[in-house]
Amino acid sequence: MAGGWSTTKVAILGVTVFALSLTIGVLAGYFGRRVPETANSSPDGVVLTGVTAKIISDADPRISKLLLNEISAENIRQNLKDYASHPHLAGTPADLQQAEHLKQTWLEQGLDRVDILGYDVLLSYPKDGDPNIISLVKAGTTVFESQREEKELRPEDIHPEDKIVPPFNAYSPAGDVESNRLIYANYGREEDFHWLSVNKSVNFTDAIVLARYGKIFRSNKVKLAAELGAKAVILYSDPHDYTSPTDNSSYPNSWWLPSTGVQRGTVKRVDGDPTTYLYPSLDSAYREDASPIYLRFQLIQSAMEMLNSFYTYLAKSKMVLVKDLYSPSFACYIRLGGEEVPESWRGSIPGVTYRFGGEFPESDLKVKVHITTHNVRRKTYNVIGYIDGAVEPDRYVVVGNHRDGWVYGSVDPSSATAVMIEASRALTSVMKSSNWRPRRTIVFCSWGAEEHGLVGSTEFTEHFSKILGQKAVAYLNADIALEGTDFMRFKASPMFYPAVMAAAKKIPNPNPAEVAAGRTTAFDTWLYHIPSDDPTKPRVFAVGSGSDYSSFLNVLGIPCLEPRYTWNYDKWKISSYPMYHSVYETFFLMDNITDPGFKYSKAVTQVWAELVRDVSDAMILPLDAKSLSDYISVESKKIFSKYGDSMRANNLTSDIEYFNEAVTQLQKDVDDFVASTSQINKDNPYAVREVNDKLMNLHRNFLDPQGLPGRPIYKNILSSPSQFNSYAGAVFPGITDSLHRIEINTDPDKWKKVQKNMSIATYLIGSAASSLRKSTHFTRTE
Ligand SMILES: [Zn+2]
């Protein structure tokens, strides 16, 4: 419509003028009230009557000490007893019961608000009374059937009403599959399958793959086997990876996995509810049918065609009954022939010669897997508790831990649930005793259904992606708080390096032998066991996936950290703590074997609480830009030293130069930013907020809206889970994934893909640099 005022426009103008005058009136009234008539302020004076002095005060150093002193080992023990004495699998009645219990506890502690948020999601369980089993069938007759559950080893662990889910892998499809070809594929890593294909010409089509747990995330093993055409995967825990070579004892006498233990887990490869991929599972949500979802995500579909989760044995090449060997529960007798495997492929099942397998010599012998695992819609619950920030309530320090466990879950996750509840109690107790309140809002999150594939945390971050994406300062995770007592280790985004080291330096060493050796703090023992190239700094591990930080880091670009007490990796070459995801993760295990007295659990609570305090209360956020630019510089040099020659030989010389220029530019901008930050007027809340916003958002510059190639959910091009092991973090995953095994990659566009990923990274490093400049200078002026 051209010319003249339409009645609509006039009406809009009228409403606008009215709204404006109303706003001006309200503002005038507001400031009229706030500015005291008698204010003897100069034009530069402070006139914000009614605004607390806290606005221009830095954190009170006394609070840190009070907080550390407040934490009680006995409380942690009691919390663990409360949460790990009965099974608490996601989607079962215990999910809501524990959520309600926690809500009540947090309200009693004095949190300002506690909500329970339920999401109706797709979960997965084996069929009641018809568990997954493996069998051997000879001439149509079952000659062996595996046991159906893990043996009860300590009757006091199990209450009569406890319902223990039999071993299974979530989201495996149901079905019966058989084959007379069983192939041993070591850990089921890409290099293992590749080695078998190239050196032994193994054809996996329609075979059943036997792989040991460990080294990489189980679903990556299943995916690789599926892509090669295998019918099923049998995963088992080899004693080599979960027991001691020198100590034959096991639970309930020691920390080592008994032969009856089985690892459960998920094989789902998308985070969250797969029927509402990328969106929250709200009541109003559109849900895909299961089948189109699986068709859309081809890799998932292949994974879903796989069967898995059996604990079994390799036996000698003549048929023997292996019931007395490592795992009576899922022992089966298997005639595994073929050549003997190389040394590094051998496990340590007593009396077994490890062979590659292949076709059974007897044509009428078959291995059969029977899977009843199926998907069901169930509710899982997040509990969200708030401590409102005194000065910046709209800046969120999100603190989380999952609540669901496969069975008793005393290590994973309840060791951390116990820690989180004591940390929140200590914080609220110090608030009451000292009239203190953190500067920023702390949001405590107890997640549901993490074990099924990060379901609760993913649905929450999808639900509140805008608020969190814009205003969450950091996410502090704890999953397994304590799995061993040799030293503390951290996973953290590089911006957190100085903060985690400073916190660890404040924690008294709970190990008297370490103190006697002159290592008086948790930091000292950490540095001693995990040194970095810098002799004054311990190594911090990359945050990958495999826990609830994934969507915060990989989707929203929020800096994350996670503390843990762990075992000495140099001493025990095991794949995870031995009892991982088995029925033997009991309160007894923690109380009597792993951490009697809970003094190591106390230390991890202290460090976590101290970090929560620091991030929520420091006037300038304890996020370090220099650590990030140094990290980018060091890690990119590693990529180019490995691949630089072949990149240059394939016309990527200028791409490397552009990339390196962007990194140099970022370092300059970081140096300028750090220098200017030290000069700001801390009495000016706007100047403080400007610096903090730059720090908070720096990490978000690395988000690429289209996501990583083939993995649109992961937007963070700086650090996302490795495509080849979802447990591990990869640096510049777009670049390194496209370079992975490029020499044997037959894609004619493979170098174009590297070039594209290089250009995206270069652009986003430049974006990070520009975000730190003087706010009125998008571009750099020398
Ligand atoms: Zn966990």
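The values are calculated or read from the model by the stated rules, or taken from the named source; none is laboratory data. Since this is a predicted model, take the numbers as computed values, not measurements. FYI the Cβ positions are ideal-geometry reconstructions off the backbone, even for glycines, and counts take in every protein chain you see. Keep in mind that these areas ignore ligands, DNA and RNA; they rest on the heavy atoms of the full protein, side chains included. Shrake-Rupley method; radii C 1.70, N 1.55, O 1.52, S 1.80 Å.
In the set Ala761, Ala769, which member is crowded, with 22+ Cβ neighbours inside 10 Å, touching an Asp or Glu at 6+ places or on another chain (Cβ under 7 Å) and touching a residue at least 60 places away in the same chain (Cβ under 8 Å)? Can you show your working first?
On the way: Ala761 fails: touching an Asp or Glu at 6+ places or on another chain (Cβ under 7 Å).
The match here is Ala769.
Checking Asp394 against (1) of a type in the set (Asp, Glu); (2) within 16 Å of the ligand (Cβ to nearest atom); (3) over 21 Å from the mean Cα position of the chain (by Cα), which single condition isn't satisfied?
(2)
For Ser424, indicate whether it is open to solvent by less than 10 Å² (accessible area, probe 1.4 Å), within 16 Å of the ligand (Cβ to nearest atom) and not hydrophobic (A, V, I, L, M, F, W, C). Spell out the reasoning first.
On the way: open to solvent by less than 10 Å² (accessible area, probe 1.4 Å): yes; within 16 Å of the ligand (Cβ to nearest atom): no; not hydrophobic (A, V, I, L, M, F, W, C): yes.
Taking the combined requirement at face value, the residue does not satisfy it.
Is the range 491-506 home to any residue that is open to solvent by 20 Å² or more (accessible area, probe 1.4 Å) and within 16 Å of the ligand (Cβ to nearest atom)?
Yes, because at least one residue in the range 491-506 is open to solvent by 20 Å² or more (accessible area, probe 1.4 Å) and within 16 Å of the ligand (Cβ to nearest atom).
Looking at the range 56-80, which of its residues are buried (at least 18 other Cβ atoms within 10 Å of the Cβ) and outside any helix (DSSP H, G or I)?
Correct list: Ala59, Ile71.
Identify the residue in the range 372-389 that is part of a loop (DSSP other than H, G, I, E, B) and modelled with pLDDT under 95 and, among all such residues, is farthest from the ligand (Cβ to nearest atom).
First, pick out the residues of the range 372-389 that are part of a loop (DSSP other than H, G, I, E, B): 372-373, 388-389.
The next check asks that each one be modelled with pLDDT under 95; those that pass are 372-373.
Values: Thr372: 25, Thr373: 20 Å.
My answer is Thr372.
Any residue that is assigned by TED's automatic domain parsing to the domain that holds Phe168, hydrophobic (A, V, I, L, M, F, W, C) and at pLDDT 90 or above - is there at least one of those in the range 248-255? Quick ask: steps written out before the conclusion?
Initial filter on the range 248-255 (assigned by TED's automatic domain parsing to the domain that holds Phe168): 248-255.
Now restrict to residues that are hydrophobic (A, V, I, L, M, F, W, C): 255.
Cutting the leftovers down to at pLDDT 90 or above gives us 255.
The answer is yes; a qualifying residue exists.
Condition first: open to solvent by less than 10 Å² (accessible area, probe 1.4 Å) and in a strand (DSSP E or B). Now tell me which residues in the range 541-572 satisfy that. Before the answer, list the steps.
Narrowing the range 541-572 to residues open to solvent by less than 10 Å² (accessible area, probe 1.4 Å): 543-545, 547-554, 557-563, 565-566.
The answer is Cys560, Leu561, Glu562, Pro563, Tyr565, Thr566.
Are there strands (runs of 3 or more DSSP E) fully within the range 153-253 with at least 3 residues that are open to solvent by 10 Å² or more (accessible area, probe 1.4 Å)? List them.
Working: elements: 175-179, 181-184, 208-212, 232-236.
In the range 153-253, 175-179 are the strands (runs of 3 or more DSSP E) which contain 3 or more residues that are open to solvent by 10 Å² or more (accessible area, probe 1.4 Å).
Quick test of your reading of the structure: Ser576 fulfils all but one of (1) farther than 19 Å from Gly544 by Cα; (2) assigned to a loop (DSSP other than H, G, I, E, B). Name the failing condition by number.
Just one mismatch for Ser576, condition (1).
Give Asp655, Asp614, Asp591, Asp645 a once-over and let me know the one that is closer than 25 Å to Arg264 by Cβ, in a helix (DSSP H, G or I) and of a type in the set (D, E, K, R). Quick ask: steps written out before the conclusion?
Working: Asp655 fails: closer than 25 Å to Arg264 by Cβ; Asp614 fails: closer than 25 Å to Arg264 by Cβ; Asp645 fails: closer than 25 Å to Arg264 by Cβ.
The unique qualifying residue is Asp591.
Please determine, by comparing only the residues of the range 708-724 that are open to solvent by 10 Å² or more (accessible area, probe 1.4 Å) and part of a strand (DSSP E or B), which one is farthest from Thr736 (Cα to Cα). I'd like the intermediate steps shown before the answer.
Applying the first criterion (open to solvent by 10 Å² or more (accessible area, probe 1.4 Å)) to the range 708-724 yields 709-715, 717, 719, 722-724.
If we keep only those that are part of a strand (DSSP E or B) as well, we get 711, 719, 722.
On the way: Arg711: 14, Ser719: 11, Ser722: 9 Å.
Per the criteria, the residue is Arg711.
Can you pull out the residues in the range 98-128 that are among the charged types (D, E, K, R) and surrounded by 15 or more Cβ atoms within 10 Å (Cβ to Cβ)? Give the steps one after another, and end with the answer.
Quick first cut of the range 98-128, residues among the charged types (D, E, K, R) only: 100, 103, 108, 112-113, 115, 120, 127-128.
Lys103, Asp112, Asp120 - these are the residues of the range 98-128 that are among the charged types (D, E, K, R) and surrounded by 15 or more Cβ atoms within 10 Å (Cβ to Cβ).
In this structure, is Asp683 surrounded by fewer than 19 Cβ atoms within 10 Å (Cβ to Cβ), over 14 Å from Ala761 (Cα atoms), at pLDDT 95 or above and not polar (S, T, N, Q)?
Numbers: surrounded by fewer than 19 Cβ atoms within 10 Å (Cβ to Cβ): yes; over 14 Å from Ala761 (Cα atoms): yes; at pLDDT 95 or above: no; not polar (S, T, N, Q): yes.
When the stated conditions are applied, Asp683 does not pass them.
If a residue has to be modelled with pLDDT under 85 and part of a loop (DSSP other than H, G, I, E, B) to count, how many in the range 133-150 make the cut?
Residues in the range 133-150 being modelled with pLDDT under 85 and part of a loop (DSSP other than H, G, I, E, B): 4 in total.
Which one of these is over 30 Å from Leu66 (Cα atoms) and modelled with pLDDT under 95: Glu585, Glu657, Glu661, Glu635?
Working: Glu585 fails: modelled with pLDDT under 95; Glu657 fails: modelled with pLDDT under 95; Glu661 fails: modelled with pLDDT under 95.
Selected residue: Glu635, the only one of Glu585, Glu657, Glu661, Glu635 that is over 30 Å from Leu66 (Cα atoms) and modelled with pLDDT under 95.
What single numbered condition from (1) crowded, with 24+ Cβ neighbours inside 10 Å; (2) among the polar types (S, T, N, Q); (3) touching a helix residue (DSSP H, G or I) at 6+ places or on another chain (Cβ under 6 Å) fails to hold for Ser575?
(1)
Within the set of pairs 6 or more residues apart or between chains, which connect a residue that is over 28 Å from Ala662 (Cβ atoms) inside the range 677-701 to a residue that is part of a helix (DSSP H, G or I) with Cβ atoms less than 7 Å apart?
Going by the 7 Å Cβ cut-off, the qualifying pairs are Asn681/Ala687; Lys682/Ile56; Lys682/Val688; Asp683/Ile56; Pro685/Ile55; Pro685/Ile56.
For the range 480-487, indicate whether the set of residues that are of a type in the set (Phe, Trp, Tyr), in the same structural domain as Asp82 (by TED's automatic domain parsing), open to solvent by less than 10 Å² (accessible area, probe 1.4 Å) and within 16 Å of the ligand (Cβ to nearest atom) is non-empty.
First, pick out the residues of the range 480-487 that are of a type in the set (Phe, Trp, Tyr): 487.
Cutting the leftovers down to in the same structural domain as Asp82 (by TED's automatic domain parsing) gives us 487.
Checking which are open to solvent by less than 10 Å² (accessible area, probe 1.4 Å) leaves us with 487.
Cutting the leftovers down to within 16 Å of the ligand (Cβ to nearest atom) gives us none.
The answer is no; no qualifying residue exists.
Could you tell me which residue of the range 662-680 is most open to solvent (accessible area, probe 1.4 Å), considering only residues that are in a helix (DSSP H, G or I) and of a type in the set (A, V, I, L, M, F, W, C)? Give the steps one after another, and end with the answer.
We begin by selecting, within the range 662-680, every residue in a helix (DSSP H, G or I); these are 662-677.
From what's left, of a type in the set (A, V, I, L, M, F, W, C): 662-663, 666, 670, 673-675.
On the way: Ala662: 13, Val663: 9, Leu666: 4, Val670: 1, Phe673: 13, Val674: 69, Ala675: 54 Å².
Restricting to residues being in a helix (DSSP H, G or I) and of a type in the set (A, V, I, L, M, F, W, C), the top hit is Val674.
Looking at the range 693-707, is at least one residue open to solvent by 40 Å² or more (accessible area, probe 1.4 Å), modelled with pLDDT of 90 or more and among the hydrophobic types (A, V, I, L, M, F, W, C)?
yes
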